[in-house]
Amino acid sequence: MDRVSTPSPTPRVPLAWLPGLAVCGLAAAVAWAVHWLVPAVPLLTAAVVLGIVVGQLPVARPALLGRLAPGLSVSAKRLMRVGVVLLGLKLSLGDIAGLGWVAIATTVAVVLLSFAGTFWIGRMLRLPGHQPLLIATGFSICGASAIGAMSGVVKPKDEEAATPVALVTLCGTLAIFVLPLFWHPLGLDARQFGHWVGAGVHDVGQVVATAQIAGAGALAVAVVVKLTRVLMLAPMVAIAAVVERRRHVEGDPGVKRPPILPLFIAGFIVAVLARTFLPVGPVVTDAADTLQTALLAMALFGLGTAVRLRTLVGTGWRALATGVISWALIAVLALAAVWLSTR
């Protein structure tokens with residue numbers, strides 16, 4: 001009797017990730033080289049821009065939508081979440097407490113007011129889907145990392161997340177060059193300028209690139225204020241998760257609801273507490289910072305490849321208007337926070 005042939009086993013899904021992950025890793029290395037050659041360009045900004053550029057190339061489109069798609073998706077989602085967890089190791093509650101209660105209160109107020117204002121503007125301009133929420137999250141908290149964290153809860157389409165990432169990258173990059181022009185005309189000293197940058201610029205890398213021109217003291221203040229904003233990521237994402245759960249209950253009780261506290265946000269909180277209460281040495285924090293930067297660079301390249309500039313230019317003027325207005329709103333609110341904190 002002839003032996004019945006059995007079909008060859010289907011390759012395990014992770015194997016399909018490898019080509020896209022390899023490309024994202026290569027892109028992260030290129031972004032690092034750009035940052036090394038031009039230190040004024042933040043590494044993560046370079047990674048996003050590189051992804052956007054690659055996404056516009058007709059010759060690359062078939063691969064981006066085909067063989068590379070699984071790995072790009074894993075980078076944009078899963079690696080982003082791991083990077084967010086590691087971001088918590090940069091935060092020490094003691095450093096934040098050192099700002100004083102007025103500075104902390106005004107920084108939290110900037111986040112809440114800018115979030116609410118941006119979300120309202122996005123709704124007024126009739127942005128589709130989750131774009132108002134994602135733009136508000138990215139602009140008010142910590143740029144593309146916050147957009148990735150919020151996307152883990154609301155599960156937007158790739159193009160819905162790509163447009164906010166492009167906007168927050170554009171405006172954050174402009175801030176590197178625009179805010180220093182107002183440093184002296186506004187009568188700010190170096191410490192006040194650092195506070196303004198930390199409260200008003202979106203991504204951590206963009207904050208560093210902007211504040212470092214005013215010296216080490218300004219940079220230290222800017223980073224602590226910025227990380228205070230980052231701390232708001234956990235409660236804002238948790239609130240969004242609660243709202244999303246209720247929406248699922250009202251819409252279709254049979255649909256799987258998102259957790260009240262996503263696992264990666266719980267990991268972020270644990271990392272913050274570990275950094276605060278455990279003797280985490282510089283070797284661990286430096287290694288975590290390097291890994292976090294690499295993972296976020298890969299994730300942001302993956303997100304950038306989903307941006308379609310032709311669509312953004314043709315139909316995205318409302319999103320662009322939302323981003324620019326939000327950028328101005330946050331800058332004004334942050335400046336008010338500086339003046340209130342230094343009186």
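Quick notes on this one:
- One decimal place: the segment residue 37-residue 60 gains 5.7 nm when fully extended, by the rule 0.36 nm per residue minus the C-alpha distance.
- Total lysine pairs under 19 Å (Cα atoms) in the chain, excluding pairs fewer than 8 apart on one chain: 6
- Modelled FRET efficiency - R0 35 Å, residue 317 with residue 273, Cβ distances, 0.05 increments: 0.20
- Distance between the modelled labels on residue 178 and residue 67, one decimal in nanometres: 4.2 nm (7 Å Cα→Cβ projection).
- For the chain, the longest principal axis of the Cα atoms and the long axis of helix 43-56 meet at an angle of about 50 degrees.
- Heavy atoms of residue 239: accessible area, 1.4 Å probe, square angstrom to 10: 100
- At full extension, residue 280 and residue 213 could sit 21.2 nm farther apart than now, given 0.36 nm per residue minus the alpha carbon distance.
- Expected 222 nm ellipticity per residue - DSSP helices of 4 or more, -39500 (n - 2.57), all of the chain, to 500: -24000 deg cm²/dmol
- Between 0 and 90°, nearest 10: helix 13-37 axis offset from the chain longest Cα axis: 30
- At R0 = 25 Å, FRET efficiency that the Cβ-Cβ distance of residue 290 and residue 220 yields, to 0.05: 0.75
- All Cα pairs of the stretch 22-149, percent lying beyond 24 Å: 47
- Listed residues 155, 226 arranged by accessible area, highest first, probe 1.4 Å: 155, 226
- Relative to the longest principal axis of the Cα atoms of the chain, helix 158-182 runs at roughly 30 degrees.
- Values of log10 I(q)/I(0), in the order q = 0.16 Å⁻¹, for the chain under a Debye, Cα-only, solvent-free model: -1.49
- Applying the Karplus relation 6.51 cos²θ - 1.76 cosθ + 1.60 with θ = phi - 60° to the stretch 319-325 yields 3J(HN,Hα) values of 5, 4, 4, 4, x, 5, 5 Hz, where x marks Gly and Pro.
- 38, 110, 54, reordered so the largest accessible area comes first (probe 1.4 Å): 38, 54, 110
The values are calculated or read from the model by the stated rules, or taken from the named source; none is laboratory data. Only a predicted model underlies this, so the values are computations on that prediction, with no experimental measurement involved. Note: ideal-geometry Cβ built from the backbone for every residue, glycine included; neighbour counts use all protein chains shown. Note: areas computed on protein heavy atoms with side chains; ligands, DNA, RNA excluded. Shrake-Rupley method; radii C 1.70, N 1.55, O 1.52, S 1.80 Å.
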